[in-house]
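Chemist: Right, I'll just put the structure down here and ask away after.
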Amino acid sequence: MRIQKRDGRIVPYEEGKIIAAISKANHEVEEKDRAGEALVQEILEAVQQEGKELQAVEHVQDVIEQHLVRDNKYALSKKYMVYRYQRSLLRKSNTTDESILKLIRNENKELAEENSNKNTRFASTQRDYIAGEVSRDVTRRMLLPEHISLAHDNGVIHFHDADYFIQPIFNCCLINIQDMLDNGTSINGKMIESPKSFQVACTVTTQIIAAVASNQYGGQSVNVRHLSRYLRRSREKFAAQMEREFGSRLDRETKEKIVEMRLQDELRSGVQTIQYQINTLMTTNGQSPFVTLFLHIDDNDEYVEETARIIEEILRQRIQGTKNERGVYVTPAFPKLVYVLDENNCLKGGRYDYVTRLAAECSARRMYPDYLSAKKMRENYEGNIFSCMGCRSFLSPWKDEKGEYKWEGRFNQGVVSLNLPQIGIVSQGSEEVFWQRLEERLELCYEALMCRHKALLGTVSDVSPIHWQYGAVARLKKGEKIDSLLKGGYSTMSLGYIGLYELTWLMKGCSHTAPEGKEFALRVMDRLKDAAAGWREETGIGFSLYGTPAETLCYRFARIDREKFGDIPNVTDKGYYTNSYHVDVREPMDAFAKFAFESDFQNKSLGGAISYVEVPNLCRNVEALEALIGFIYDNIQYGEFNTKSDFCHVCGYDGEIQINQDNEWECPQCHNKDHARMNVTRRTCGYLGENFWNTGKTKEIKARVLHL
């Protein structure tokens, strides 16, 4: 027989612990009220006679109490019950007071580092965080089973977004922007009709994005191809106006030139509206909307030329950047950009290669866009190409009643992530123990994910009309439940995982890049993938395996395990775990080899998979970046670049810091020398710290090693 502890751990049954507990209680009562050996033996036999291979520790304690009462040991049973009650109160005690006070005093560094897009000094952000702390406390004490809460606290699993769990809202989605633009929508009780021009379509799109962001906690994605028909409408409107105004008084060529000038101005203004609106709007959670623009030039689209033109303008404006409060052009945080490489633009002589070259220049200057290979996506998703959601998770294929694939208007219910290195630590190198522990913790993940699913069941469409009634996800009636959209694979649930590299090191003594390590790591990935598939088959809910990009979780798991198990070389001593299946940043491997190696893991993590490579500042060598982009198309589904760029902390300039005639580093914009420092932007952790020049007037850099 085995016992399941409150934190989810499965341990061997030890009757000595029951004997010790009763003996301790005996010492606190008079001799006449004590349990004798015969009663203790009776209790032990009763526990054994349950005949169960696995029993919860709470049930065993209930059995003990029942037998004490039956034997009229009331004083003893009272002592035992009071002790249990006190321990229960201790576990359920309020934990928000200190965290909220630290937040108000701006001393809560964990929250400050959790989301680089949310400034904890702002009153609006603090209000959201305070509500989140209350939600997290209620969730931990009342809404989740105790063993799930303890498993989260102990770093066994991570129950994502507990600060929003108290509300009936979900994670992230693909907005059905085509339906909302073409058929109209409603925002804040006001009807929004189908736009008549590109400029208005862009404005409406940003209003939709803001409304959606305020009623969910994860990111969202918008396919810009749905704006292309409105660009054509603007062209047709301008052409009709020219005919009415000038008729035959102007020749055709002149009229077309004027139409083109007006259209280009509208295109520029519309894209600028999207960029500025997204970065200046504030949602109810105190930050800009976490939105991704999906950039796909699809030859099968009747508006493909307009789509290419919109994407080109988006890239040009991103290269330029947006002005900060000092009027300096900087890289905006949003929208994120995901650019699709297809046969027509993969730098092999395609018709739209010029757009991809512009994307490469944008990546060199502004880090984005990320790149999706249409070739690899078709292999992995039954011939389909679609956007990841804002949180970088991918939907599973799903067909409607007509047998047609549907992607937009679908969503993710929530995420629970597994701490793989901790399983390796407690397994102490034994594969037999590891696989047993893995199964136990997968069951924990399943139970935790089902808590997310059940929390959404029974939700009515009125809680977020923009999602459920006016087209972002569905067109349900008022008061109608959303349950049908939670089942049948329409929406997804994500099993995340952290630290495959460290797990392999613990179990095999080598990286998963070594042959023996890779074989083991792929077996682990197969088991995780099969677990999600089994849950999907059993429940009809869209479970999938998700290579989460939750960088802060890499630090949280490592910190907890370091406190529990001490410094373990190449594991806890680093201060971080490696994200999902990624190769450790310290392992020497060139960019091409890294993409090629990690591609073998992406197709096992189809609920989400991102691979990145570190590249130097390539503003003057974009051709090198183009070579990597072409490689992505043929070899890996999702690739991104972490580029290093200069940054002046005085004026915000993020171009290239130069050496002046006196051989001093100098910002070319504000000419500052003392504070013109190199700023290395790394998306592995989101850290934006400083690397200082050394005392000599040379190009050598002394890095401050913090999160890097």
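The values are calculated or read from the model by the stated rules, or taken from the named source; none is laboratory data. These numbers come from a predicted model, not from an experiment. When we count neighbours, we look across all protein chains shown, and the Cβ atoms used for this are built from the backbone with ideal geometry, even at glycine. Calculation scope for accessible area: heavy atoms of the full protein, side chains included, ligands and nucleic acids excluded. Shrake-Rupley method; radii C 1.70, N 1.55, O 1.52, S 1.80 Å.
Chemist: Out of the residues in the stretch 396-449 meeting the condition of being charged (D, E, K, R) and in a helix (DSSP H, G or I), tell me which one is nearest to CYS173 (Cα to Cα).
Modeler: By that ranking, first place goes to GLU447.
Chemist: Does any residue in the stretch 352-380 that is surrounded by 21 or more Cβ atoms within 10 Å (Cβ to Cβ) come within less than 6 Å, Cβ to Cβ, of a residue that is assigned to a loop (DSSP other than H, G, I, E, B) and of a type in the set (Phe, Trp, Tyr) six or more places away or on a different chain, and which pairs are these?
Modeler: Going by the 6 Å Cβ cut-off, there are no qualifying pairs.
Chemist: Taking the stretch 266-281, which residues are surrounded by fewer than 19 Cβ atoms within 10 Å (Cβ to Cβ) and in contact with a Phe, Trp or Tyr (Cβ under 9 Å, 6 or more places away or on another chain)?
Modeler: Passing the criteria: SER269, ASN279.
Chemist: Does the stretch 462-470 include one or more residues that are in a loop (DSSP other than H, G, I, E, B), touching a residue at least 60 places away in the same chain (Cβ under 8 Å), open to solvent by 10 Å² or more (accessible area, probe 1.4 Å) and in contact with a Lys or Arg (Cβ under 8 Å, 6 or more places away or on another chain)?
Modeler: Yes - at least one qualifying residue is present in the stretch 462-470.
Chemist: Sort out which residues of the stretch 502-558 are of a type in the set (Gly, Ala, Ser), under 15 Å from LEU449 (Cα atoms) and in contact with a strand residue (DSSP E or B) (Cβ under 9 Å, 6 or more places away or on another chain), and write them in order of number.
Modeler: ALA531, ALA532, ALA533, GLY534, GLY542, SER544
Chemist: Let me ask something else. Of all residues in the stretch 54-100 being open to solvent by 30 Å² or more (accessible area, probe 1.4 Å), not in a helix (DSSP H, G or I) and not acidic (Asp, Glu), which is modelled with the lowest pLDDT?
Modeler: LYS92
Chemist: I'd like to know if the stretch 341-351 contains one or more residues that are buried (at least 23 other Cβ atoms within 10 Å of the Cβ) and touching a strand residue (DSSP E or B) at 6+ places or on another chain (Cβ under 7 Å).
Modeler: Checking the stretch 341-351: at least one residue is buried (at least 23 other Cβ atoms within 10 Å of the Cβ) and touching a strand residue (DSSP E or B) at 6+ places or on another chain (Cβ under 7 Å).
Chemist: Here's another thing I want to ask about it. Any idea how many residues of the stretch 583-595 are in contact with a helix residue (DSSP H, G or I) (Cβ under 7 Å, 6 or more places away or on another chain) and open to solvent by less than 40 Å² (accessible area, probe 1.4 Å)?
Modeler: The number of residues fulfilling the criteria is 4.
Chemist: Look at VAL473 and say whether it is in a loop (DSSP other than H, G, I, E, B) and touching a strand residue (DSSP E or B) at 6+ places or on another chain (Cβ under 8 Å).
Modeler: Against the criterion (in a loop (DSSP other than H, G, I, E, B) and touching a strand residue (DSSP E or B) at 6+ places or on another chain (Cβ under 8 Å)), VAL473 qualifies.
Chemist: Being open to solvent by 30 Å² or more (accessible area, probe 1.4 Å), modelled with pLDDT under 85, part of a helix (DSSP H, G or I) and not small (Gly, Ala, Ser) narrows it down to one residue among ARG121, ARG141; which is it?
Modeler: When all the criteria are applied, what remains is ARG141.
Chemist: Just name the residue that is modelled with the lowest pLDDT out of those in the stretch 282-310 that are open to solvent by 60 Å² or more (accessible area, probe 1.4 Å) and closer than 26 Å to MET377 by Cβ.
Modeler: PHE290
Chemist: Continuing with this model, one more query. For LYS477, all conditions in the list (1) closer than 28 Å to ALA609 by Cα; (2) modelled with pLDDT of 95 or more hold save one; what is the number of the exception?
Modeler: Every condition holds for LYS477 apart from (1).
Chemist: Filter the stretch 530-574 for residues that are open to solvent by less than 10 Å² (accessible area, probe 1.4 Å) and aliphatic (A, V, I, L, M); which is nearest to ARG410 (Cα to Cα)?
Modeler: ILE541
Chemist: I need the full set of residues from the stretch 479-519 which are open to solvent by less than 50 Å² (accessible area, probe 1.4 Å), in a helix (DSSP H, G or I) and among the small types (Gly, Ala, Ser), in order please.
Modeler: GLY517
Chemist: Continuing with the same structure: Any residue in the stretch 358-365 that is outside any strand (DSSP E or B), over 15 Å from GLU640 (Cα atoms) and of a type outside the set (A, V, I, L, M)?
Modeler: no
Chemist: Here's something else I'd like to know. Exactly one of these conditions fails for ILE169: (1) closer than 30 Å to GLU551 by Cβ; (2) touching a helix residue (DSSP H, G or I) at 6+ places or on another chain (Cβ under 6 Å). Give me its number.
Modeler: (2)
Chemist: Now for a separate question. Using the structure shown, decide if SER363 is of a type in the set (Ser, Thr, Tyr) and over 25 Å from ALA624 (Cβ atoms).
Modeler: no
Chemist: Taking the options VAL416, VAL473, name whichever one is closer than 17 Å to SER605 by Cα, open to solvent by less than 50 Å² (accessible area, probe 1.4 Å) and in contact with a Leu (Cβ under 9 Å, 6 or more places away or on another chain).
Modeler: Answer to the selection: VAL416.
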